[in-house]
Amino acid sequence: MFALEAQGLVIDWTQMPTYNTIMSLAAGAGLITLVYFARALATDREVHLESWALAFAAPGIILFTTGLHMTLTWPFAKYFPFDNIIFGEPSLGFGVVLLIAAFYLWKRSTQIAAGGDSAAYLAKVARPLSLLVVGLGLCLIAIAFAGVIFQLFAAPPEEPISGAFAEYPMVEAIFMSGLFALVGVGAILFPFALRGFSLGAKFTRVQWIVGIVWGLSGLGFFLFGALNFFTHIGLIVNTMG
């Protein structure tokens, strides 16, 4: 698949389908959308739930499709099998959650609005799902530890921008692991944030923490995914041979 030749690294890209660019962008968009949706529920009197259903469905479809394909086919299996777990399985889980949320909001928007307190209503509905969310959070924390301990995520020197840190693998390992850890912390605190909505409280301390960690990590994944559309294309150009 790849070899070191006189001119540098050469990769056979036909043997390594790569699409974690759009996955990162969609994951970031999904996290940011969740934060804004929670804010809208707590502050707006009239929330157009159908529009939020569309906002969840778009990244949900991307993450479910790409995550399922990566989880079942392991496109990085020959040389980077851990990447299939790191990127594929969390994307699949998050995509399923977003699609379930989108479907429910689309089908039950009238019933939810008629209940008066949409935030409290949805918090009670989402409470059983919080077990899966916490589980995904624990998985993300485990990925974060693995990223630092095994110094994963380092880009080769042939990759523009990110490759400048190729001699310092801990830089990208800490950065990416930090993003995964932030999402994981928010997911673990998710049931407690729901409890604040169930009790009618407005912006509890836990809700602030979840909003900050998901907002920051979502922005990080969003911008990093967008950047990778340049850096990954540059890597392909520099390693085609």
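Of the residues contained in the stretch 105-117, one or more are found to be in a helix (DSSP H, G or I), surrounded by fewer than 19 Cβ atoms within 10 Å (Cβ to Cβ) and within 23 Å of the chain's Cα centre (by Cα).
For first residues located in the stretch 62-81 and assigned to a loop (DSSP other than H, G, I, E, B), partners that are not aliphatic (A, V, I, L, M) and lie 6+ apart or on another chain with Cβ distances below 6 Å form the pairs TRP74/ASN84; PRO75/PRO17; PHE76/ASP83; PHE76/ASN84.
Restricting attention to the stretch 49-67, the residues being surrounded by 19 or more Cβ atoms within 10 Å (Cβ to Cβ) and either in contact with a strand residue (DSSP E or B) (Cβ under 8 Å, 6 or more places away or on another chain) or over 20 Å from GLY215 (Cα atoms) (or both) number 4.
Only residues that are assigned to a helix (DSSP H, G or I) and surrounded by fewer than 21 Cβ atoms within 10 Å (Cβ to Cβ): list them for the stretch 36-48, please.
TYR36, PHE37, ARG39, ALA40, LEU41, ALA42, THR43
Picking from PHE153, PHE190, PHE203, which residue would you name as being farther than 27 Å from THR18 by Cα, in contact with a helix residue (DSSP H, G or I) (Cβ under 9 Å, 6 or more places away or on another chain) and not in a helix (DSSP H, G or I)? Being farther than 27 Å from THR18 by Cα, in contact with a helix residue (DSSP H, G or I) (Cβ under 9 Å, 6 or more places away or on another chain) and not in a helix (DSSP H, G or I) holds for just one of PHE153, PHE190, PHE203, which is PHE203.
Confirm whether ALA144 is in a helix (DSSP H, G or I), aliphatic (A, V, I, L, M) and crowded, with 19+ Cβ neighbours inside 10 Å. Criteria met by ALA144. Between a residue in the stretch 126-144 that is modelled with pLDDT of 95 or more and any residue that is assigned to a helix (DSSP H, G or I) and of a type in the set (Phe, Trp, Tyr), which pairs come within a Cβ distance under 6 Å, given they are 6 or more apart or on different chains? From residues that are modelled with pLDDT of 95 or more, the pairs are SER130/PHE190; VAL133/PHE190; LEU140/PHE180; ILE143/PHE180; ALA144/PHE180.
Remark: pairs (first residue in the stretch 200-226, of a type outside the set (Phe, Trp, Tyr); second residue surrounded by fewer than 15 Cβ atoms within 10 Å (Cβ to Cβ); Cβ separation under 7 Å; 6+ apart in sequence or on different chains) = GLY200/ASP117.
The values are calculated or read from the model by the stated rules, or taken from the named source; none is laboratory data. Computed from a prediction, not measured in an experiment: that's the story for all the values here. For neighbour counting, all protein chains shown are included, and Cβ atoms are generated from backbone atoms with ideal geometry for every residue, glycine included.
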